[in-house]
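To start, the structure itself, in structure tokens.
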Amino acid sequence: MTFASEVKKECTLLEVHKEHAKAELAALIRMNGALNIHQQQLVLNVQSENAAIARRILALLRDHYQSDSEVIVRRKMKLKKNNVYIVRCRQNVSALLADLNIFDGLLPIPHVSPTIMQDEQRKRSYLRGAFLAAGSVNNPESSRYHLEIYSNYEEHNEDICQMMNDFHLNARTIVRRNGYITYLKEAEKIAEFLAIIGANRATLKFEDVRIMRDMRNSVNRLVNCETANVNKIINASQKQIESIKLIAERNGLEDLPEKLRVMAEFRLANPDLSLIELGEQIPGGPISKSGVNHRLRKLVEIAENL
């Protein structure tokens, strides 16, 4: 089961207040619903590829509208050939859509109802329904964080983005595949969104995985930094030793000034020591790191001149 599926399964098990449940149902019907006419009667079909979501829609319809709805299962004939679940409602469809502020008579209402937009708890439920209908979220173990909700209509997409940003989630929108996307990229904001829609277990899992992943990344950065520093020390030490050996072959170390001669002999005897360790252990020391570095640079300059 994918992480997104885990989130949706948890959301389908939540018990909410009747009015908040209606907000969730409004999102599910607005985003996944379709109207047909059968025997001069309006028929509402709400489709999902997730059995748990289909059961959720059926339960919400029966609990809050005493709807005599049914679930029809069909199998796709293309690609994965997985099941498609259709919740079909035949009774009082017009009254149902009017009560949920999706249709005004025979005209669709493009924007989400102000009753929902102006109420925090209803907004939470509507966002939960929107995520169940057309949302996805990457596994926090993946290389990037991403959560999105797809909508067919620009006005509706703008409302979803506005609702997210009412919770300070820094949501953004983009046009994609004949539709519109509202998305989040920041890990902290994705975790906040999951908490807002009531997926508390998923939020904890997301945070645990994210913290462990960030910790591993921090450790890797420290290891890489330490490795780079060690390589830098090794390369500098090799250059210093090669310079000192060249001076010894050409002129001998005896002609060097006393401080440089002592440094050259000590560096040859201790090729693995860092500048700080050289300064602490050199005969006649201690010497500061900058002092050690200055003397070794002078030895390299002498070798380069040779």
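No value in this document is a laboratory result; all are computed from the given coordinates. Everything quoted here is computed from the prediction, not taken from an experiment. Because the Cβ atoms are built from the backbone with ideal geometry, glycine has one as well, and the counts that use them run over all protein chains shown.
Things worth noting here:
- Bins of 5 Å from zero: percent of alpha-carbon pairs in region 9-101: 3, 13, 25, 26, 18, 10, 5, 2
- Shape parameters for region 177-236, alpha-carbon atoms, Rg then Dmax in Å: 18.9, 59
- Between the amide H of His146 and those of Asn138, distances stay under 5 Å, these residues lying 5 or more places away or on another chain, with hydrogens modeled in the peptide plane.
- With N counted as the residues of the chain, its alpha-carbon radius of gyration over 2.2 N^0.38 Å works out to 1.76.
- Database remark: amide H of Ile109 closer than 5 angstrom to the amide H of Phe103, Asp104 (H placed geometrically; neighbours at sequence offset of 5 or more, or on other chains; Pro and chain starts carry no H).
- Stretched out straight at 0.36 nm per residue, the stretch from Asp104 to Glu49 would grow longer than its current Cα-Cα span by 16.9 nm.
- Once the convex hull of all Cα atoms in region 227-298 is built, its volume per residue stands at 76 Å³.
- Cut-off 13 Å (backbone N to label point 7 Å along Cα→Cβ of Lys289), residues of region 242-275: 274-275
- Cα-based Lys proximity count in region 143-298, under 27 Å, for pairs eight or more positions apart or on separate chains: 15
- Ranked Lys9, Lys259, criterion: other C-beta atoms within 10 Å, fewest first: Lys259, Lys9
- Here the Karplus relation 6.51 cos²θ - 1.76 cosθ + 1.60, evaluated at θ = phi - 60°, turns the backbone of region 154-162 into coupling constants of 5, 4, 5, 4, 5, 5, 5, 4, 4 Hz, with x for every Gly and Pro.
- GNM flexibility winner over the chain from Asn36, Asn83, Asn231 (Cα, springs under 10 Å): Asn231
- Spin-label model, Ile233/Glu188: points 7 Å from Cα along the beta carbon direction are separated by 3.5 nm.
- Whole-Hz couplings from phi, Karplus 6.51/-1.76/1.60, listed for region 87-104; x for Gly and Pro: 8, 10, 10, 10, 9, 6, 5, 4, 5, 4, 5, 5, 5, 8, 6, 9, 10, 10
- Shown for Cys89, Cys225: other C-beta atoms within 10 Å of each C-beta, ranked fewest to most, produce the order Cys225, Cys89.
- Stretchable slack from Leu306 to His17, in nm (0.36 nm times residue separation minus alpha-carbon distance): 95.3 nm
- Ordering Ile181, Ile57 from the fewest to the most neighbouring beta carbons within 10 Å gives Ile181, Ile57.
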